[in-house]
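Structure first, commentary second.
Every number in this text was worked out from the coordinates using simple rules, so none of it is lab data. Everything numeric here is computed off the predicted structure, so don't read it as measured data. Here the Cβ is made from the backbone with ideal geometry for all residues, glycine too, and neighbour counts use every protein chain on show.
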Amino acid sequence: MWSRYWLALVLASGCGDNLEGEERQGGELTVYDRTNLAYTHPAPTLDPEQRNTHQLGKGPFNFAWAPPQLGPMFNHTGCLACHGGDGRGLSEIMQGPAPFGSQALVRVSLGVGTPDVPGGNVPLPGYGEQLQDHTTVGLPEVFVTLTWRETVVMYEDGEAQPMRSPFIDVRTPTGVPMPAGTEMSYRQAPAVFGLGLLEAISDDTLRALEDPNDENGDGISGRVNMVWDPIAAAPAIGRFGHKSNVSNLVVQTAAAFVNDIGLTNKLFPEPDGMRDVNDEQLDQTTFFVSTLSVPAAAGRTGAAQRGRTLFDDFQCASCHIPTLETGDHAIPQLAYQRIHPYTDLLLHDVGDLLSDARADFQATGVEWRTPPLWGIGLVQTVLPGATFLHDGRARTLPEAILWHGGEAEEAREAFRRASKRDRDALIAFLQSL
Ligand code: HEC
Ligand code: HEC
């Protein structure tokens, strides 16, 4: 009896030590750099030819486009302008002609009508599904004004947490609001590193993580978003975008070129078949975003180590899944990697306060994709002023946690009720990622 008790304790603490294995967050795609360049490194395992393709794809990604390719309607002048340091963007709307642009954007649709693609959203007549707030000629299609509303949430111990949420006002150049019934979703740019690994997580793995009817009774369900894949011309599991609203990185890259920068390409050509970005450039840029490495986690201090345990205790790990294995992938280096992304890529109801009241394929307003947390401790190192959650409302990590509701309400309450020491420990853990 005694010996078994001690054995259990030894195993438990041994287990704690094993968590140190979580340092290599990107498996073989892990790099040791926690500076402002942390997200910018190619996979160390690429062969010389792949490295060359990665470098070639970085060109169109980093380029600040100008007319005649740019626009005529656009949100910003290049991928890097919104994904600075290959990380997330600032949650801000900037008015003015190019080279100005906004790093965040507004998706729009109608609640009723005929979608463009099976299961998709109903485009807003005259606007499509994304508002472009900049143009190379004349006035933009819309003027977007972003204002912040401040509130406060109290921790159980009486400490106050300042909170803010965005309010978006959209007008035509003549001051007319969007038509009645327009659903809008304001979104900031997420980071683009490690995404090839997320693409390599198999459909079966995601299906196994689903629990739509909460059969294990933990209050947390989670389901995949089924979206339309224009290449396969078939439904597919969504992995990218804040609502897992895009199936893969080619589609994401091609859609970003055309919608965000106004650059036509082979998936979204001009009516006469012409394209601003040639087919090779599209493939190379897709390869570039597929093969960016993940920074290694920092060595854990005592507080961060305790925070890791609290991350499990508070149920954060039920959605932000710490460890996954990738499956097969066309880029062999991405396949069969043991990674620590802290996501399940599934949709979860995280409550009314985060709702955008806009459906996105099967996602409802209150549902968002669990974002990966790898590298989250470096967000503000890579881009000072960068903020958290889909719309960038959270200026700090505690603020981000306190916005969680719905399926994550218990997790949020565990954090809100915790002692200052425990809250700080959890944040120290997040900062180490
Ligand atoms: C105007 C700013 C802006 C520009 C320019 C832009 N993006 Fe994005 N990007 C975003 C936003 C906002 C999202 C989230 C979209 C959503 O949730 O629907 C996003 C999402 C992504 C994602 C998915 C990330 C994830 O974690 O799911 C990838 C990949 C990406 N962009 C690549 C690119 C590439 C490549 C380019 C250039 C061709 C580009 N982006 C240009 C704002 C931008
Ligand atoms: C029910 C699933 C679920 C649980 C439980 C959960 N989260 Fe989340 N988390 C999400 C979703 C979904 C989002 C995205 C919400 C949004 O963008 O509006 C998110 C966002 C975040 C973000 C912001 C990430 C970013 O990239 O900006 C952080 C940080 C975070 N969660 C940490 C935690 C911590 C710590 C816990 C435990 C106290 C926790 N989460 C529990 C689903 C969950």
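Assuming R0 = 60 Å, can you tell me the calculated FRET efficiency for the pair Glu410 and Phe100, based on Cβ-Cβ distance, to the nearest 0.05?
Here the calculated transfer efficiency is 0.85.
Set the Förster radius R0 to 35 Å, insert the Cβ-Cβ distance between Asp313 and Ala232 as r into 1/(1 + (r/R0)^6), and round the FRET efficiency to 0.05.
That pair, Asp313 with Ala232, gives E of 0.25.
Okay, which of segment 133-148 sit inside 16 Å, backbone N to the point 7 Å along the Cα-Cβ direction of Thr182?
So the set is 133-135, 139-147.
With a ≥ b ≥ c the root eigenvalues of the C-alpha gyration tensor of the chain, is it rounded (a/c under 1.5), prolate (a/b larger than b/c) or oblate?
prolate
What is the sum of charges around Glu367, taking Lys and Arg as +1, Asp and Glu as -1, for the other residues whose C-beta is under 12 Å from the C-beta of Glu367?
Every neighbour counted, the sum reads -1.
Summing -39500 (n - 2.57) over the DSSP H runs of n ≥ 4 in the chain and dividing by its residue number, what mean residue ellipticity at 222 nm do you reach, to the nearest 500 deg cm²/dmol?
About -7500 deg cm²/dmol.
Shape verdict for segment 91-172, please, from the Cα gyration tensor: rounded (a/c under 1.5), prolate (a/b greater than b/c) or oblate.
Oblate is the answer for segment 91-172, as a/c is 1.5 or above yet b/c matches or exceeds a/b.
Can you compute the modelled spin-label distance between Thr396 and Glu28, with each label point 7 Å from Cα toward Cβ, in nm?
Roughly 4.2 nm, to one decimal.
On a full-extension model of 0.36 nm per residue, what is the gain between Gln55 and Thr205, subtracting their alpha-carbon distance, rounded to one decimal in nm?
Gain on extension, Gln55 to Thr205, equals 50.9 nm.
Cut-off 10 angstrom, C-alpha nodes, Gaussian network model of the chain. Which of Ala304, Ala330, Ala38 fluctuates the most?
Highest fluctuation among the options: Ala330.
Using Cβ counts within 10 Å as a stand-in for footprinting exposure, how do His134, His242 rank, fewest first?
Ranking His134, His242 by Cβ neighbours within 10 Å, fewest first, gives His242, His134.
What whole-number distance in Å separates the alpha-carbon centres of segment 350-411 and segment 47-126?
Distance between centres, Cα-based: 21 Å.
Please arrange Leu397, Leu263 by counting, for each residue, the other beta carbons lying within 10 Å of its beta carbon, fewest first.
Listed from fewest to most nearby Cβ atoms, that is Leu397, Leu263.
As a test, work out the antiparallel percent of DSSP beta bridges whose residues both lie in segment 22-432, rounded to the nearest 5.
The antiparallel fraction comes to roughly 95 percent.
Using the basic label-point model (7 angstrom from Cα toward the beta carbon), what is the Trp148 to Glu270 distance in nanometres?
Placing both labels 7 Å beyond Cα along the Cβ direction yields 4.2 nm.
Can you tell which of Glu23, Glu49, Glu270 shows the greatest fluctuation in a Gaussian network model of the chain with Cα springs below 10 Å?
In the Gaussian network model the winner is Glu49.
Taking the Cα centre of the chain as origin and charging only Cβ (+1 Lys, Arg; -1 Asp, Glu), how large is the dipole, in debye to the nearest 20?
It works out to roughly 980 debye.
Taking the Cβ of each residue in Val246, Val137, Val192 as the centre, tally the other Cβ atoms inside 10 Å and list the residues starting with the fewest.
Lowest count first: Val137, Val246, Val192.
Near Leu80, within a Cβ-to-Cβ distance under 15 Å, what is the net charge of the other residues, with Lys and Arg +1 and Asp and Glu -1?
For residues surrounding Leu80, the net value is 0.
Hey, can you grab everything whose amide H is under 5 Å from the amide H of Gly392? Only 5+ residues off in sequence or another chain; H modelled, so Pro and N-termini drop out.
Close amide H contacts, sequence-distant or interchain: Gln188.
Mean separation of Cα pairs under 8 Å and 6+ residues apart, divided by the residue count of segment 22-432: what relative contact order is that in percent?
The value is 23 percent.
For the chain, modelled as a Gaussian network with Cα springs under 10 Å, which listed residue fluctuates most, Arg338, Arg171, Arg223?
Of the options given, Arg171 has the highest mean-square fluctuation.
Less than 22 Å apart at the alpha-carbon level, and either on another chain or at least 8 residues along: which lysines does that give for Lys266?
The reachable lysines, counting only those whose Cα sits under 22 Å from Lys266, are Lys58.
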